[in-house]
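Asks: Pasting a structure below so you can have a look.
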Amino acid sequence: MEFSEYFPVWDAMTPQQQEAVSAGLVSRTVKKGTLLHGGGRECTGLLLVQSGQLRAFILSSEGREITIYRLFDRDICLFSASCIMRSIQFDIAVTAEKDTQLWIIPAEVYKRIMEQSAAVANYTNEIMASRFSEVMWLMEQVMWNSMDRRVAGFLLQEASIEGTDRLHITHDSIAAHLGTHREVVTRMLRYFQSEGMVKLARSAVELTDRAKLEALGG
């Protein structure tokens with residue numbers, strides 16, 4: 001499919017603006033695990049997912065990670081072009097969680113069009129508001145929810161994303177998503193297994209009692 005079918009405000013742009021985007025657009029296919037944006041002063045450009053899955057996360061000074069949000073088909077990442085949003089004071093890294101096809105819109109091109117087009121500016125503000133809501137939700141989870149509730153909620157969310165109750169995921173990966181230590185996750189999962197909620201295997205977690213997990217995860 002064409003980029004124009006994935007970009008919701010394409011038809012609201014002028015032919016000149018459409019030409020500018022098309023001329024600067026870069027199409028990429030990346031493998032699972034590829035670091036697309038490393039945070040800091042880097043300005044990769046806006047990422048629009050055609051197919052696949054990306055993960056945006058923050059890395060602490062101690063080397064711990066916590067997932068901010070994920071990006072799926074038709075989602076766009078603004079924080080990879082943080083140079084055009086000077087009010088952003090924190091660094092976000094973006095990696096591919098699955099083999100992914102995406103487009104990169106150069107930051108300077110998008111900024112120029114955003115300044116010219118009210119439709120593109122409004123679209124950008126809507127995305128920013130949505131991402132801000134996700135960050136606030138994450139803060140609420142970290143501040144008010146116990147780790148067992150967070151792990152249960154994560155497992156249910158992951159099962160929904162993957163479409164299966166058998167998750168091929170490591171304890172390290174779960175810890176990185178939740179911003180905690182692997183030992184904490186391992187302790188929670190062993191407790192879940194003792195209660196019959198999950199079954200553990202090497203690099204895998206199988207959900208065996210969704211009702212209990214849902215009651216725990218809220």
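Asks: If each DSSP helix of 4+ residues adds -39,500 (n - 2.57) and the sum is divided by the residues in the chain, what number results at 222 nm, nearest 500 deg cm²/dmol?
Replies: -13500 deg cm²/dmol
Asks: Please compute the alpha carbon radius of gyration of region 3-140, then divide it by the globular-protein estimate 2.2 N^0.38 Å. Two decimals is fine.
Replies: Region 3-140 yields a ratio of 1.02.
Asks: Just the number: Rg to Rh for region 69-218, Cα atoms, Kirkwood Rh, two decimals.
Replies: Rounded to two decimals, Rg/Rh equals 1.05.
Asks: Could you order peptides 185-195, 56-66 by the average number of other Cβ atoms within 10 Å of their residues, highest first?
Replies: Ranking the peptides 185-195, 56-66 by packing returns 185-195, 56-66.
Asks: Check cross-link reach from K98 to the lysines: straight Cα distance under 20 Å, and skip same-chain residues fewer than eight apart.
Replies: K31, K32
Asks: Follow-up question, since we're still on this one. Under unit Cβ charges (Lys, Arg +1; Asp, Glu -1), what dipole magnitude, rounded to 20 debye, does region 108-218 have relative to its Cα centre?
Replies: Values: 13 positive and 15 negative charges, 52 e Å.
It comes to approximately 240 debye.
Asks: Residues of region 101-141 with the amide nitrogen closer than 14 Å to a label point 7 Å from the Cα of C43, along Cα-to-Cβ, please.
Replies: Counting backbone N atoms under 14 Å from the label point, the list is 105-115.
Asks: Just order 18-29, 70-81 by mean Cβ neighbour count inside 10 Å, highest at the front, would you?
Replies: Values: 18-29: 13.8, 70-81: 19.7.
In decreasing order of mean packing, 18-29, 70-81 become 70-81, 18-29.
Asks: Give the value in nm², to one decimal: projected area of the alpha carbon convex hull of region 145-217, averaged over all directions. Spell out each step's value before the answer.
Replies: On the way: hull surface 16.5 nm².
For region 145-217, averaging the hull's shadow over all directions gives 4.1 nm².
Every number in this text was worked out from the coordinates using simple rules, so none of it is lab data. Not measured: the values here are computed from a predicted model. Because the Cβ atoms are built from the backbone with ideal geometry, glycine has one as well, and the counts that use them run over all protein chains shown.
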